[in-house]
1. At 222 nm, what value in deg cm²/dmol follows for the chain if DSSP H runs of at least 4 each add -39500 (n - 2.57) and the sum is divided by all its residues, to the nearest 500?
2. Mind sorting 7, 30, 53 by how few other Cβ atoms lie within 10 Å of their own Cβ, fewest first?
3. Quick one: what do you get for the chain if you divide its Cα Rg by 2.2 N^0.38 Å?
4. How would you rank 81, 18, going from fewest to most other Cβ atoms within 10 Å of each one's own Cβ?
5. Who wins for biggest fluctuation among 43, 92, 56 in a Gaussian network model of the chain, springs between alpha carbons below 10 Å?
6. Output needed for region 61-107: three equivalent-ellipsoid semi-axes, defined as square roots of 5 times the C-alpha gyration tensor eigenvalues, in descending order, whole Å.
7. For residue 75 and residue 87, calculate 0.36 nm times their separation in residues minus their Cα-Cα distance, and state this gained length in nm to one decimal.
8. Taking the chain as a Gaussian network, where each spring joins two C-alpha atoms under 10 Å apart, which residue of 31, 73, 86 fluctuates the most?
Ligand SMILES: [Zn+2]
């Protein structure tokens, strides 16, 4: 599990760098008339990274309900759409008792 978190961190960096290059690349595209394919290529990379990061997150982390202590995982869709209340915390609805609360993420095997 430790390695997966490392992979996730590395991927986040690659994602950040790719977006930076992409923004910087816009200038080059306008200035030097880069082909549209370069732009589309970047977009595809960004999208793939974005989904992979969220997929990894949904696989690695579990959330604990503060009310009933029920532990649960969320789907990739939920990971993308749910509101990030704080670093490592999301506003989620407990699947067991239905309470809506800020829940902290923690790695699955960390007990
Ligand atoms: Zn609950």
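Derivation of every value follows stated rules applied to the coordinates shown; laboratory data play no part. Keep in mind that this is a model prediction, so the values were computed, not measured. Neighbour counts are summed over all protein chains in view; Cβ atoms, including those assigned to glycine, are modelled from backbone coordinates with ideal geometry.
1. On the way: 3 runs with 62 residues, N = 111.
Calculated from helices alone, the mean residue ellipticity at 222 nm is -19500 deg cm²/dmol.
2. On the way: 7 14, 30 9, 53 20.
The most exposed by this proxy come first: 30, 7, 53.
3. 1.35
4. Details: 81 10, 18 18.
Ascending number of Cβ neighbours within 10 Å: 81, 18.
5. Its mean-square fluctuation being the largest, the pick is 43.
6. Result for region 61-107: semi-axes of 15, 11, 10 Å.
7. Details: separation 12, 0.36 × 12 = 4.32 nm, distance 1.86 nm.
That works out to 2.5 nm of additional length.
8. Looking only at 31, 73, 86, the biggest GNM fluctuation is shown by 31.
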